[in-house]
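Contents: one structure, followed by commentary.
The values are calculated or read from the model by the stated rules, or taken from the named source; none is laboratory data. All of these numbers come straight from a predicted model, not from anything done at the bench. Glycine also receives a Cβ, built like all others from the backbone with ideal geometry; neighbour counts cover every protein chain displayed. Just so you know, the surface numbers come from the protein's heavy atoms only, side chains and all, with ligands and any DNA or RNA stripped out. Shrake-Rupley method; radii C 1.70, N 1.55, O 1.52, S 1.80 Å.
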Amino acid sequence: EILGDFLRDRREAVAGQTSSGDAFLLPPAADRARWSRFVELLRLQGLDVGFARAAFQAYNVTDLWGRSHQSRTLPAGTLVVRSNQPRERMLRALCEFDPRLTESFLREERTELENRRETLLYDASSWNLPMAFGLDACWAKAISDVEIGADAPRSTQDTTQLLSGGYGYLIDFQSSDAYRILVRLFESACQPRIAIRPFRIGETTFAPGTILLRAHENPSDVAELLRKATADLDVTVRVVDTALVQEGPDLGSGKFELLTAPRVAIASQWPVRSTSFGSVWYLLDHQLSLRNSPINVQNLGSVDLRKYNVLILPDSGGLERVLSDGTVDRIKRWVQSGGTLIAIGGSAAFATAKERGLSSVRLRPDVLNQLDEYAEAVARERSAQDVKIDPNRIWQAPQAKEVKKDETKAADESKKKEDIEALKRADEWQRLFSPTGTFLLGLVHPEHWLGYGLGEKLPVMFLGSSAFLSKHPAATPVRLAEAGRLRLSGLLWPEARERLADSAYVTVESSGGGQVILFATDPTFRMWLAGQQRLLLNAVLLGPGLGASAAVPW
């Protein structure tokens, strides 16, 4: 009987009786390695997938960001996965953007939380591959006639035939395989540089993040080294015979920063969460083959940190119980001497305490009397990314305005104290409804190096109650969106939406010759957030060269 039901369900799916005959669509991505890994995962689940042989139209489209379109043109090579196939349920479980919880469950969950009991959610309330990978995707009710092939489009470049260049080589940073190339180049004593401004050669525009190998700065067999480094990877390498470009900085200019090989230490053992340490270690050691040193966080005060230029503190709970003031001071001196400190989740919250002096970033409960200042900083930050000029305000004298005397007086100290106490009570109440695993919209700063290889928007998996507030001089490469468009998928109560809106997801702050990088939540969570992982990889592989200077003895 069970087998009969199983067969019947699959036959109904193929016949389109359980669906509207819609299709999941994934156009080709600039990050070909991430795109290919996504496709491979779908195939591993036994889904029937195909690839459009030509451009086509999709109708009644819903995109990854929740926007609706009457139609959209998709290019050749787009992944097409129709819902009328035997494993339709698997497709929807993996790729539906925003499945909703039932009203009855929401009522039960709300009852538990309002009575200050534990959540009924066992796990993350959102779980879909497109957002985890941060790839452009959409669902369409129908698509135009187009030939569908079984094979994915392949890269046209064969780097095994790479020729020696007169000036050097350019490596596209859009593909996630660029990180593996960097590790191999560092191991081969190469000196890679990275573009911090866009430039154009011929008809090709290169984005910030493009890797440059100047022939005269690298070993004489750099062409052979590059061939070996890229042979099994999906990247685009271009040979350049001159440093001159048609637009932007020339390849010999100072707009191509020299990268520094990372020497990485990862804190481990209690109170570091083993799952966070494990995912960070697996990403760097297993996937990238980047050598690193796990060190016991309890012994951090006696470790010679001069061996390293990157120190990662994975998510933790209770660092204050093992890191003394003296140990924190040693870490600060190491940072100021050129080190890059990366703190994640609970470790980042530890670093925000004012008395530790590691960062100017603060947790929301600690600055309730300054919320207006932080809101003003966010407004100015966004204005700086979208500058508008009103010539009339520049060239014409302003008209005199009548100044009215303000008859109202500032509230006295007791009134201010009363207001702060009310804010504390409100914040405590809002924290009860913090998300346990919800995709929120992260806005990526278009010019900051930590966002290289990513677009202007990124789905961010958020867990917990830590709302990080930042302002100048701390930079915020990724900030959560405003309340109106914050939630992408999963359960986000209104109280949490109001509290987390406009907060910081990643911050970078200079300290002497080094820097402190804070992540509000773990970008390596369960090793399935391929989009967010790029933020951590940028911090590790680019940070020692772009945000810090070489460490000196102290």
(request) Go ahead and run the numbers for FRET between Ser383 and Tyr282, Cβ-Cβ distance against an R0 of 41 Å, rounding to 0.05. (result) 0.50
(request) Within region 87-103, find all residues whose amide N lies under 15 Å from a label point positioned 7 Å from the Cα of Tyr122 along Cα-to-beta-carbon. (result) none
(request) Give me D for region 82-193 in µm² s⁻¹, whole number, from Stokes-Einstein with Rh from the Kirkwood sum over alpha-carbon pairs, 4 °C and 1.567 mPa s. (result) 64
(request) May I ask for log10 I(q)/I(0) of the chain at q = 0.08, 0.10, 0.13 Å⁻¹, from a Debye sum over the Cα atoms as equal point scatterers with solvent left out? (result) -0.62, -0.95, -1.43
(request) Subtract the Cα-Cα distance of Leu7 and Glu217 from 0.36 nm times their separation in residues, and report this length gain in nm to one decimal. (result) 69.2 nm
(request) Treat each spin label as a single point 7 Å out from the Cα along the C-beta direction, and report the Val14 to Leu106 distance in nm. (result) 3.8
(request) Write down the percent of antiparallel bridges among all DSSP beta bridges whose residues are both part of the chain, to the nearest 5. (result) 80
(request) Please give the peptides 526-537, 492-503 ranked by average Cβ packing (other Cβ atoms within 10 Å per residue), highest first, as a rough proxy for protection. (result) 526-537, 492-503
(request) With a point put 7 Å past each Cα toward its Cβ, work out how far Asp325 is from Arg89 in nm, to one decimal. (result) 6.0
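Could the peptides 133-139, 451-457 be put in order, highest first, of the mean number of other beta-carbon atoms found within 10 Å of their residues?
Per-residue Cβ counts within 10 Å, averaged per peptide and sorted highest first, yield 133-139, 451-457.
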(request) Starting at the first residue of region 128-133, write each ³J(HN,Hα) from the Karplus equation 6.51 cos²θ - 1.76 cosθ + 1.60 with θ = phi - 60°, in whole Hz, x for Gly and Pro. (result) 9, 5, x, 6, 4, 8
(message) When 1/r is averaged over all different Cα pairs and the result inverted, which Kirkwood radius in Å belongs to region 213-264?
(response) 13.3
(request) For Ser511, enumerate residues with amide H under 5 Å from its amide H, sequence gap 5+ or separate chain, H modeled in the peptide plane. (result) Val516
(message) With N set to the number of residues, divide the alpha-carbon radius of gyration of region 45-105 by 2.2 N^0.38 Å and report two decimals.
(response) 1.33
(message) Just to confirm a number: summing +1 for Lys and Arg and -1 for Asp and Glu over residues other than Ala33 whose beta-carbon lies under 9 angstrom from that of Ala33, what do you get?
(response) +1
(message) I want the local charge near Lys307. Using Cβ-Cβ distances under 13 Å, sum +1 for each Lys or Arg and -1 for each Asp or Glu among the other residues.
(response) +2
(message) Starting from the 7 Å offset along Cα-to-Cβ, what nm value, one decimal, do you get for the label separation of Gln336 and Leu368?
(response) 3.4
(message) I'd like to compare 22-29, 384-391, 94-101: which one has the highest average count of other Cβ atoms within 10 Å, and what's the full order after that?
(response) 22-29, 94-101, 384-391
(message) Using a 1.4 angstrom probe on the protein heavy atoms only, could you order His448, His216, His286 from most to least accessible area?
(response) His216, His286, His448
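So what is the accessible area of the chain per residue, in Å², with the probe set to 1.4 Å?
Roughly 49 Å² per residue, with all protein chains present.
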